[in-house]
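The values are calculated or read from the model by the stated rules, or taken from the named source; none is laboratory data. Predicted model only: the values in this text are computed from it and were never measured. Please note: Cβ atoms are built from the backbone with ideal geometry, for glycine as well, and neighbour counts cover all protein chains shown. We work out accessible area using only protein heavy atoms, side chains counted, and drop any ligands, DNA or RNA first. Shrake-Rupley method; radii C 1.70, N 1.55, O 1.52, S 1.80 Å.
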Amino acid sequence: MLRYRTELASNYARSASDIEKRTSKVEIFAALQRDYQTLKASWGGFAGYDGWFAQPLFNAHLATIATYHELVPGFKALLREKENFSDFYQAVIALAAERKADRRRQLLAWVMDIPVALDDDRASTGSTEFAFIAQP
């Protein structure tokens, strides 16, 4: 999936007409579909992803997959840090209340094991929201 996302980004970045880029996009998604069928056969016909692949695919489909794979290691690091599922669950609930950019920054910081701190600008406003920033 990430490979096809990269191919799409390269396609859009190249100096070609919009028609050529749209044609290439269709070809890239067709290749993704073919590769899925090959992968599915190697799984002995496991059809668990057939529903996802049966729908018309768009760029957003690949973005969601990339986001998932990019952020899962952060959740795994959080679970290791919390040591039990109850504490992990409470931390995830708190994280869900954060702004999207702050959640993402925090999850990536856990993966990279970077200390985080409150954003001083937001903390000084008296806001009860926590904004995390990665500290070098």
Per-region count, the range 100-124, residues modelled with pLDDT of 75 or more and surrounded by 13 or more Cβ atoms within 10 Å (Cβ to Cβ)
9
Which condition number in (1) under 15 Å from Leu32 (Cβ atoms); (2) touching a helix residue (DSSP H, G or I) at 6+ places or on another chain (Cβ under 9 Å); (3) at pLDDT below 85; (4) open to solvent by 80 Å² or more (accessible area, probe 1.4 Å) is the one that Tyr49 fails?
(3)
Within 17 Å of Ala66 (Cβ to Cβ), open to solvent by 60 Å² or more (accessible area, probe 1.4 Å), of a type in the set (A, V, I, L, M) and under 20 Å from the mean Cα position of the chain (by Cα): is that true of Leu8 in this structure?
no
Scan the range 88-99 and report the pairs whose first residue is in contact (Cβ under 8 Å) with a residue 24 or more places away in the chain and whose second residue is surrounded by 11 or more Cβ atoms within 10 Å (Cβ to Cβ) and assigned to a helix (DSSP H, G or I), with Cβ atoms within less than 8 Å and a gap of 6+ or a chain change.
Glu98/Gln106
